[in-house]
C-alpha cells in the first residue's frame, strides 16, 4: 500500500532562514504528489503539486519542491522564512486508482522565530 | 458563495447520538471526499463519492454513513457517536479540467470540529 512519511512533526526556523520540510513516499510507480498548508482553524490550501512534468515545482508564497525518484522524496523548501509561514504542512500522494483519494503524511508544524 | 462549505463548523454531542455533518460545493465537481484529521495521523479518508448515488468506503469507514442524492451535497452521518469520533472533519471535492483527474486539485472545506462527550 502506498504511504507518505514526513520526517519531523515540528520544525523551527528563524525568520529569514531556509525552510526545509521533508517528505518521502513509498510507491513502485512514481505518484502524483502534493503539498498542502493548513493555517490555524482553516481548511487545507494547495501549495504545489507534482504531476510528472518538471521535477522542480514552484508553488505559491515562494515555496518549491523537487521530485527525486532515486530518493523517493518530495521535500518542500523556501529560501527565506516569513512569520506568516507558520502553519502545518501536509505532504500527500494520490492513490493511483479510480478513487483519486489522497494519502497524507502525518504533517509537520512549522514554527518561525522572530 | 462559490466554493466548498461545511456546516456546522463546531459541534458538541453526546455518546450515542446521531450527528450529521453537511458539505456543499458549488462547482459541480464529480468527486467528493470526507476525511478526518487526528493528531499524529494526518488526514484519513472516511468515504468518497465518484458521482451522485455512487459512494465507497475509505480507510476508516466504521461508524459512518454517507449519501449523495445530489452532486453538490455530500452529508456524513455518525449513526451513534462515540468518543473515538471526536475529530476535525474535512470535506473535499475534486475538480476536473477535462483531462486527467489525477492532475486536478482537491479543494477542501474549512472543517467541522466535532466533540463527542
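Laboratory data are not the source of any read-out in this text; all were calculated from the coordinates shown. Keep in mind that this is a model prediction, so the values were computed, not measured. In this analysis, Cβ positions are derived from the backbone assuming ideal geometry, glycine residues included, and neighbour counts consider all displayed protein chains.
A few points about this structure:
- Over 28 Å [Cα-Cα, the protein assembly as shown], rounded percent: 31 percent
- Contact order, relative form, for region B:15-117: 31 percent (alpha carbon pairs under 8 Å, 6 or more residues apart, mean separation divided by residue count).
- Sequence-distant contacts, meaning Cα pairs under 8 Å at least 6 residues apart, place the relative contact order of chain A at 37 percent.
- Averaged over the residues of peptide A:34-43, the number of Cβ atoms from other protein chains lying within 10 Å of each residue's Cβ is 3.
- Scattering curve values for chain A, log₁₀ I(q)/I(0), Debye with Cα scatterers, q = 0.15, 0.17 Å⁻¹: -0.60, -0.76
- Region A:6-52: mean projected area of Cα convex hull, nm²: 4.6 nm²
- Ranked B:7, A:14, criterion: other C-beta atoms within 10 Å, fewest first: A:14, B:7
- The alpha carbon convex hull volume per residue for region B:19-117 rounds to 97 Å³.
- Where a label projected 7 Å from the Cα of residue B:77 along Cα→Cβ would reach, residues of region B:20-61 with amide N under 13 Å: B:20-22
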